[in-house]
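This report concerns only the one structure given below.
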Amino acid sequence: MPYLPLFPLNLVVYPGEKLNLHIFEPRYRQLIGECLDQQTTFGIPAYVNNSLPGYGTEMQILELVTRYDDGRMDIRTRGLRVFRLLDFENPAPGKLYAHGDVHFYPQPYKSPLILPQLIELVEKLYGIFKTEPPFNPDASQPFSYQIAHGVGLPLEGEYELLTLENETERQEFLLEHLHEVLPVVENVERTKERIRMNGDFREFGELRL
């Protein structure tokens, strides 16, 4: 089983997602410096509810944007594939950072099927907020990963999505979530509209009794 240097963060990264990072802690400056020198990858296991429940994403460094005089760095990265931690050692022998034995899942492929109702509900959600939906059906990244950060999932929900290996399962998971969240969002927007109206000057017609 491969060992992967680990950079735990309180977030979920999906395969195909791009993430900019500012590296300032000595242990992670060492980790990123070695990855740059050796052209290797590292892992971001999701840190959820003060623990590492086990899943994360392998990351590729796309670009070293800035290296500061004090050793800090700004880098651009991209998620490659999901892994599950089999063990965790902190720190790794002779290192400042942690590493772990991991099981990699296959790199996700773009599913030819996007559930029509899922597209409809995502467009409805963004229509409420009067913004463009954050997806491109022609992109190589699976549809579920494209929209996951933009449909109101809590961190725990984003993590649960990461653990699902099948694109159809992930889309069905998001569909169920949107069925639950859309009525809440619509009710909030109606309430906000009523509050705005109460501050306006309104004209009422004569009552004929």
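Worth a mention:
- The chain: angle of helix 116-128 to the longest principal axis, Cα-based, in degrees nearest 10: 70
- Scanning residues 5 or more positions from Tyr47 or on other chains, those with amide H under 5 Å from its amide H are Leu9, Asn10, Leu11, with H placed 1.01 Å from N in the peptide plane.
- Sites Asp37 and Glu165, calculated FRET efficiency, Cβ-Cβ separation with R0 41 Å, nearest 0.05: 0.80
- Entry for Rg and Dmax of the Cα atoms in Å (calculated from the structure that is shown) out of (1) 17.2, 54; (2) 22.0, 88; (3) 20.8, 73: (2)
- Applying a DSSP loop filter and a limit of 12 other Cβ atoms within 10 Å to the GluC sites (Glu not before Pro) in the stretch 156-190 leaves Glu165.
- Pairs of lysine residues in the chain - Cα separation under 30 Å, sequence separation of 8 or more or cross-chain: 8
Computed from the coordinates by the stated procedures, all read-outs in this text should not be read as laboratory data. Everything quoted here is computed from the prediction, not taken from an experiment. For neighbour counting, all protein chains shown are included, and Cβ atoms are generated from backbone atoms with ideal geometry for every residue, glycine included.
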